[in-house]
Amino acid sequence: MTKERKHTMKTLITFLIVFSVVVVIHEFGHFYFAKKSGILVREFSIGMGPKLFSHQAKDGTTYTIRAIPMGGYVRMAGYEDEEELKAGMPVSLEVNENNEVIKINTSSKVQLENAIPLEVTRYDLTEALEITGFVNGNEDNVASYSVNHEAMIIEEDGTQLRIAPRDVQFQSAKLWQRMLTNFAGPMNNFLLTIVLFIAIVFLQGGVPNEDSTVLGEVDPEGVAATAGLRSGDEIVAIDQEEVSSWPELQQTIQQQPDEELSLEVNRDDQTFSVDATPESVESGNQEIGQLGVQASLKTGFWDKVVGGVKESWDMLVQILAALRNLVTNFSLDQLGGPVAIFQMSDQAAQQGAMTVLLLTAMISVNLGIVNLLPIPGLDGGKLLLNIVEAIRGKPISEEKEGMITLVGFGLLMLLMVLVTWNDIQRFFF
């Protein structure tokens, strides 16, 4: 394998891992709180597309692994479920000793022993729990069967799922349970972000001590090292002006690029002065001064935990500010789709595990925030409908909710196409 192909493969694997972890953790939030709310989770899938493996658990959930290793999904009873049976469809039925249907097979890939072949004419797997049809396709032999509450239906690809009676459907749960289930996906993304930032802080050995002006790492090629400064030195004054915190020190240096400064330094209980001229570097649209030093680290256990939480909060605030700017000054260049994520994965894969963790945290918090936007089809849109239901005292009709969701989903797909096309134009042309 050539070096270029290895690089591409590494980028692709990084992209798939990052994207899948963020999405699966999101979906697990919906899954966990749906189960706690008494909602039947019919399927929890890792990956998309054709089924590779499935396992039916005793709790009624089918766990599947699918061929396309991108993300995953949760299928909750009554929650955007597609119609699995149709009039005229040939099926085979497995019944128990009470002549109740316990399996409905719609797949040509699966054969049931001693099954009853039936051409479906009428069915109700939600309320009455019954199925009627022509036995062996014979129109003179019509039979009706009761369907067991926990019966299985085998889909065309061979996946076996529980049916979805009304009492275990999403809408049958209490309003607060449905709201919590809708919110749980973004909540999990925020929790993942916090965990990742805490992990990053631990891997870095600590969190910057902003209450001190003691130097941590000193760039051996930087201005500070050339001036004779080293790790552990404390800068107590600049041009005879006292500095007591790292942000104050940083701001003073950044404001004076290419200007010689007199630094008063404390080392081993001795104070001395050195002259140093901050190097001018470009940051955004301006030039700032830089000495080539980093803050010392707080290395206590709780310092690291609190530092990780603070880093997560800072990123959340930055993204909210970016969203506000997006609303006031919309541009597709401010958005990024799968192509942009792939490009970031390429850079992260080259820079190492720490950058991959940072990328995962960034995408996770972005996914959490975007999903909470009150747009139909997103979790935030569903939460908005929950709030409307709480105000009205009753839910809006299924037809209206379906229409709102369909329109919202269509607009999201259009936006995704535009963003992806814009990404392709930016990165490849």
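The values are calculated or read from the model by the stated rules, or taken from the named source; none is laboratory data. The structure presented is a predicted model; accordingly, all values stated were derived computationally and were not measured. We place every Cβ from the backbone using ideal geometry, glycine too, and count neighbours over all the protein chains shown. These accessible areas exclude ligands, DNA and RNA; they are computed on the full protein's heavy atoms, side chains included. Shrake-Rupley method; radii C 1.70, N 1.55, O 1.52, S 1.80 Å.
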Residue 86 vs. criteria within 22 Å of residue 55 (Cβ to Cβ) and over 34 Å from the mean Cα position of the chain (by Cα): no
Lone qualifier among 84, 94 - being closer than 28 Å to residue 399 by Cα and among the charged types (D, E, K, R): 84
Of the criteria (1) of a type in the set (Asp, Glu); (2) under 20 Å from residue 290 (Cβ atoms); (3) open to solvent by 30 Å² or more (accessible area, probe 1.4 Å), which one residue 269 fails: (2)
Test: residue in the stretch 58-78 that is open to solvent by 40 Å² or more (accessible area, probe 1.4 Å) and farther than 30 Å from residue 377 by Cα: yes
Single unsatisfied condition, residue 233 versus (1) open to solvent by 30 Å² or more (accessible area, probe 1.4 Å); (2) closer than 15 Å to residue 253 by Cβ; (3) at pLDDT 90 or above: (1)
Check on residue 253, part of a helix (DSSP H, G or I), within 30 Å of residue 367 (Cβ to Cβ) and open to solvent by less than 30 Å² (accessible area, probe 1.4 Å): no
Test for residue 201: is it surrounded by fewer than 19 Cβ atoms within 10 Å (Cβ to Cβ), outside any loop (DSSP other than H, G, I, E, B), in contact (Cβ under 8 Å) with a residue 24 or more places away in the chain and not small (Gly, Ala, Ser): no
Out of 262, 280, 296, sole residue that is modelled with pLDDT of 85 or more, surrounded by 12 or more Cβ atoms within 10 Å (Cβ to Cβ) and in contact with a Pro (Cβ under 6 Å, 6 or more places away or on another chain): 280
Pick from the stretch 88-115, criterion in contact with a Phe, Trp or Tyr (Cβ under 8 Å, 6 or more places away or on another chain) and in a loop (DSSP other than H, G, I, E, B), ranking: farthest from residue 173 (Cα to Cα): 99
So residue 212, is it in contact (Cβ under 8 Å) with a residue 24 or more places away in the chain, of a type in the set (Ser, Thr, Tyr) and open to solvent by 30 Å² or more (accessible area, probe 1.4 Å): no
Test: residue 209 is in contact with a helix residue (DSSP H, G or I) (Cβ under 6 Å, 6 or more places away or on another chain) and not aliphatic (A, V, I, L, M): no
